[in-house]
Amino acid sequence: MAKKDYNKMSEQLLKLIGGQDNVTQFTHCVTRLRLTVKDKSLVQMDQLKQVQGVIGTQWLGEQLQIIVGTEVEDIYMSMCHIGGFTAMAAVDENLDQDITGKEKFSLKNLGNNILAYLSPAMTGIIPMMMAACLCKTIGVILGPDMLNIISATGDIYILLDFMYDAFFYFIPLFLGYSAAKTLGMNPIYGIYLGALIMAPDFMALVGVRDTFSVFGIPAPVADYSSSFLPVILGVWIMKYVQKLWNKVFPEVLKTVFVPLCTILVMAPVMFVVCAPLGTYIGNVIGDFFITLSQTNIVVRTIASIALAVLLPYMVLGGMHGALVNFAILTFTNNGYETFILPIMLAYNFAVFGVALGAIIKLKKPANKSAVTGYFVSGILGSVTEPCLYGVIMKYRQTMKALLAASVVVGLIVGIFQPVYYVMTSATIFTFWVPWVAGGTANLIAGLALMILAFVSGTIAACFVKYDEEEA
């Protein structure tokens, strides 16, 4: 579509969604315009599909999605200009009404609403996530583990590592920005929540103190860098806190007191609830599964399958860190580990397998190319996040494929009990390393675990349906 047509298209879209006064939130992702409206009956879905440049439309929970492809940024900015919207922020506060009560509650609606929030929030950070992961991949390829062109102590290798850490260490900040945009808030609020749990003085307490007091409430001291769940949950809560204060204060006082009162409320919410939540849940799950893993083979196998199936959701929620702590403690005490580490390493290869299956099944060159990049950075650089968020979260039917592969992982770990002897990364070059020390039988069991996790993920991903406009 020529650029001169964007204004005409924007006028048509605004008319068919009931006008700009019907819009409460307006944002976009990679291929879609995403709107929340006051009155869904004013939206003319059939006519929207007929507008030149519109690929398709759908409702996801309360969110109207208009699929327009790669020109979405130009169309979005044109609609903002014509409709008087502020780009990537909420429109007038008096239009921002809670309409979730209009539909009868159901688990499906709840799930759709959660995904309507999570999907664009995560999609917004994927391009930079991909760039950071490729920096690490380049380091692996050029470093001593592969081509040995650069030294692990050389400046180039260290710089590439910096470029990877700059994203993943500070991911609460990036995610806070993206989550706030998704909810139609000022992104600075989201960035602040991420920075709050990473403030240098707080990080300096890690390893020094177990707790500190937040307005008299004890809060655990932990490293929340690289975590996803705290900010995702915190930004969602903060939206309602901010709306409350907007109603309480008169217009003349809002500029100062709404931000101040919002962060005064959110500080204890973040430190006492949101930030430690993943750790709490992870500890409970970890204790439970560790206990089951030490029983007979039947119970152990059931527990292995259950943990492998739950692991994707724990990773998405940032709850897997507690499992890693359990595993490292066991590994340090015994010199090996037979439950959590085998499952987690094989899970990585199940994710990579699903990504390969998606590459095989996807039809559009742009989608296939993007997933290929995620797959390569994963299997060479031992980073699963691009595959997890760029494939599993984007093409959500692939979660079924990952769960099928996870069942295979759980069965093998439970029945054959491969012993994990050497800490290593999940790459195509090192997947065999943990199993060698246990002798031939252990090596065969370990290799079977890794290969079958990968192959089952690939095959299962070839049998699911893909919505190639999903963003």
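For this structure, a couple of remarks:
- When the listed pairs Lys15/Lys49; Lys363/Lys394; Lys136/Lys465 are checked against a 24 Å cut-off, the alpha-carbon distance exceeds it for Lys136/Lys465.
- Length-normalised contact order for the chain - Cα pairs under 8 Å, 6+ apart - percent: 13
- Under a 5 Å amide H cut-off, with hydrogens placed 1.01 Å from N, Ile150 pairs with Gly143 among residues at least 5 apart or on other chains.
- Axis of helix 440-461 versus longest Cα principal axis of the chain: the two differ by about 20°, to the nearest ten degrees.
- For the stretch 145-186, the Cα-based Rg and Dmax, in that order, read 16.2, 48 Å.
- Gain on full extension, evaluated as 0.36 nm per residue between Ile302 and Tyr336 minus their Cα-Cα distance, stands at 10.1 nm.
- Cα gyration tensor category, rounded, prolate or oblate, for the stretch 394-443 with a/c compared to 1.5: oblate
- Note on the chain: helix-only mean residue ellipticity at 222 nm, from DSSP H runs of 4+ residues weighted -39500 (n - 2.57) and normalised by residue number, equals -19000 deg cm²/dmol.
- Model label zone, Ala199; criterion: amide N under 15 Å from point 7 Å along Cα-to-beta-carbon; scope the stretch 227-271: 260-271
- All-pairs alpha carbon distance profile, the stretch 130-201, 10 Å steps from 0, percent: 21, 33, 24, 17, 5
- Built amide H within the under 5 Å cut-off of Thr24, gap 5+: Thr36, Val37, Lys38
- Computed from the alpha carbon atoms alone, the convex hull of the chain holds 175 Å³ per residue.
- Gln47/Gln397 FRET efficiency (R0 30 Å; Cβ-Cβ; nearest 0.05): 0.55
- Karplus-derived HN-Hα couplings along the stretch 135-145 (A = 6.51, B = -1.76, C = 1.60, θ = phi - 60°), whole Hz, x at Gly and Pro: 4, 5, 4, 4, x, 5, 5, 7, x, x, 6
- ³J(HN,Hα), Karplus 6.51/-1.76/1.60, whole Hz, each residue of the stretch 182-191, x for Gly, Pro: 4, 8, x, 9, 5, x, 4, 4, x, 4
- Length gained on full extension, Thr291 to Ile328, computed as 0.36 nm times the residue gap minus the Cα-Cα distance: 11.7 nm.
- Relative to the longest principal axis of the Cα atoms of the chain, the long axis of helix 275-293 lies at roughly 30 degrees.
- Ratio Rg/Rh [Cα only; Rh per Kirkwood] for the stretch 207-356: 1.12
- Were the residues from Ile360 through Asp210 laid out at 0.36 nm apart, the gain over their Cα-Cα distance would be 49.1 nm.
- Accessible carbon and sulfur surface of the stretch 217-278 relative to its total accessible area, %, 1.4 Å: 77
- Calculated FRET value between Lys8 and Ser369, using beta carbons and R₀ = 41 Å, to 0.05: 0.85
The values are calculated or read from the model by the stated rules, or taken from the named source; none is laboratory data. Treat the numbers as computed from the prediction; the structure is a model and nothing was measured. Every residue, glycine among them, receives a Cβ derived from its backbone with ideal geometry; neighbour counts consider all protein chains shown. Remember, those area values only see protein heavy atoms, side chains included, never the ligands or the DNA or RNA. Shrake-Rupley method; radii C 1.70, N 1.55, O 1.52, S 1.80 Å.
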